[in-house]
Every structure is written in structure tokens, then in C-alpha cells.
Amino acid sequence: MKRNLFIGALCATFALAAPAVHALTLTSVNLNGNDNNGVLILGNTLGVDAGMRNAGPAIFNFTIDPNSAVMYNFNSIVQNLSGANWGALTISLRGDAFFSPVPGTPSGFGSVTPGFGSISGVVVTPPVDPFSQMIRFGGSGEPFEVQAGNPFVSAGLFDWQLSLSRLDMGDTFSVVIETSPIPVPGGLVLLLSGLAGVATFARKKKVA
């Protein structure tokens, strides 16, 4: 799901309600074969959306401008375009930015909404002032998308809180999105390797 229409309506409302504040600049993006589905910088809200086609990281680099907020409401819509169900999704920060606690949420650091899969747990690293949140999926994993935070301002959901309190004007930080497929059980790997070996032996015997 993309939020293009929602962003347009939100921008129009915000423009009427308050003067524009230019606080962050997206300076570069390193997608590694993935998609940039849009970056929203609006007031003290930062939204970073990506379409993940492989396990390579999608990296969004920002520079802090004058009048930047110290704390940002962070959210992200991450689409699964890989053709394989995810075992985990990790959103991390580089450059001394970190996530602040959001009480009342499962991980303690904001809401996470899967598209079709179920969440088996959220690992924050380190436990205090974390710079990384790994979302682990149970069962068959996540085939569609994940919403981190509250990109559509839905009742009962909460944005992640991204703190820039350790950074100054002109400093940089990055938002990094990575995924990993469901791991293949060790027994299945051995079985597949054995079957491949049998097939190779059969072909050689047939040729001989």
C-alpha cells in the first residue's frame, strides 16, 4: 500500500495550519536494487517507504538543517517485492541517531503492523537508546508488507520516536532497511543436498 493520496491531503492541511519548516534534507539514497517508494519530511514527521526486492539494504541518508526538531515521529511502509516470504525485517539508524521509548507498544518502541503474517517478536539493539529494531515473523513469514509506526494516523497505533538529540546542524544520519527470507531448516538443507547428490550420481551412471 502506498500513501500518495494521504500525503497530498496531509500536506494541504499542514500548509494551512502552520508555516513550512525545512529541517531535514534527503541527501542521497543507496537502494542496492530495491525501490524508493517515497520520503515524507513534514514538520516533525519523517516517513521512509521502500519496496524490497532483495536482501540488500536500502539506505536513506539525511542532513540536519537549521530549525530541525530534536525528536521525529518516524514511520515506514515497507513492501515485499522479492517473491519470497520474509523471516525478518530490520530498520536501523546510523550516525548517532536512536529510537526513544514509546510506552504501551509491544516492543516498547512503537507500533508494527504486518500485512498478512504474524509477529513473533521485536528485537531492539541495544536495549537502551537502540539504533536498530528487528521485526521477526512467525509461521510462514510475511509475504506482503509491514507498516512501522502509524503512517496513516490510525487510532490505537503509534509512530516510532527518532531522536536526534546527539546531533547538531550539518550532521548526517541514515535510515537503513533490510530484510531476510525465512531460513531453511537444517534438515531440509541436508535432504536437498542429498537429493542433488543422488541426481548427479544417476546422471553420471547414465552417461557411463
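Does at least one position in segment 59-73 carry a residue that is aromatic (Phe, Trp, Tyr), at pLDDT 95 or above and over 15 Å from the mean Cα position of the chain (by Cα)?
yes
With of a type outside the set (S, T, N, Q), touching an Asp or Glu at 6+ places or on another chain (Cβ under 9 Å), at pLDDT 95 or above and buried (at least 18 other Cβ atoms within 10 Å of the Cβ) as the only criterion, which of PHE109, PHE137, PHE98 stands out?
PHE98
Quick grid of which residues meet (1) touching a helix residue (DSSP H, G or I) at 6+ places or on another chain (Cβ under 7 Å); (2) modelled with pLDDT under 95; (3) buried (at least 16 other Cβ atoms within 10 Å of the Cβ); (4) assigned to a strand (DSSP E or B):
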| site | (1), (2), (3), (4) |
| --- | --- |
| GLN161 | no, no, yes, yes |
| LEU167 | no, no, yes, no |
| PHE173 | no, no, yes, yes |
| ILE177 | no, no, yes, yes |
| LEU188 | no, yes, no, no |
| PHE201 | no, yes, no, no |
| LYS204 | no, yes, no, no |
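In segment 119-133, what count of residues is obtained for those that are in contact (Cβ under 8 Å) with a residue 12 or more places away in the chain, more than 13 Å from the chain's Cα centre (by Cα) and not in a strand (DSSP E or B)?
Number of matching residues: 2.
Quick check on this structure: which one of SER68, SER92 is assigned to a strand (DSSP E or B) and either buried (at least 16 other Cβ atoms within 10 Å of the Cβ) or touching a residue at least 40 places away in the same chain (Cβ under 8 Å) (or both)?
Step by step, each of SER68, SER92 is checked, and only SER92 is assigned to a strand (DSSP E or B) and either buried (at least 16 other Cβ atoms within 10 Å of the Cβ) or touching a residue at least 40 places away in the same chain (Cβ under 8 Å) (or both).
Tell me whether segment 134-150 contains one or more residues that are touching a residue at least 60 places away in the same chain (Cβ under 8 Å), in contact with a Gly (Cβ under 6 Å, 6 or more places away or on another chain) and not in a strand (DSSP E or B).
Yes, segment 134-150 contains a residue that is touching a residue at least 60 places away in the same chain (Cβ under 8 Å), in contact with a Gly (Cβ under 6 Å, 6 or more places away or on another chain) and not in a strand (DSSP E or B).
GLY83 fails exactly one of the following numbered conditions: (1) without any contact (Cβ under 8 Å) to a residue 12 or more places away in the chain; (2) assigned to a strand (DSSP E or B); (3) not aromatic (Phe, Trp, Tyr). What is the number of that condition?
Condition (2) is where GLY83 drops out.
Among all residue pairs at least 6 apart or on different chains, which show Cβ distances below 9 Å where the first residue, located in segment 38-61, is in contact (Cβ under 8 Å) with a residue 40 or more places away in the chain and polar (S, T, N, Q) and the second is assigned to a strand (DSSP E or B) and surrounded by fewer than 18 Cβ atoms within 10 Å (Cβ to Cβ)?
Sorted first by the residue in segment 38-61, then by its partner, the pairs are ASN61/LEU26; ASN61/THR27; ASN61/SER28; ASN61/VAL29; ASN61/ASN30; ASN61/ARG94; ASN61/THR172.
Take the residues in segment 142-158 that are crowded, with 22+ Cβ neighbours inside 10 Å and in contact with a Phe, Trp or Tyr (Cβ under 7 Å, 6 or more places away or on another chain); name whichever of them is farthest from SER92 (Cα to Cα).
GLU142
Do the conditions hold for SER92, that is, is it at pLDDT below 95 and either hydroxyl-bearing (Ser, Thr, Tyr) or closer than 19 Å to VAL48 by Cβ (or both)?
Here the answer is no, as SER92 does not meet what is asked.
How many residues are touching a Gly at 6+ places or on another chain (Cβ under 7 Å) and either aromatic (Phe, Trp, Tyr) or under 19 Å from SER180 (Cα atoms) (or both) if we restrict to segment 84-110?
3
Does GLY115 meet the test of being under 26 Å from ILE41 (Cβ atoms) and surrounded by 19 or more Cβ atoms within 10 Å (Cβ to Cβ)?
When the stated conditions are applied, GLY115 does not pass them.
The values are calculated or read from the model by the stated rules, or taken from the named source; none is laboratory data. Note that the structure is predicted; figures quoted are calculated from it, not measured. Methodologically, a virtual Cβ is constructed for each residue, glycine included, from the backbone with ideal geometry; neighbour enumeration extends over all protein chains shown.
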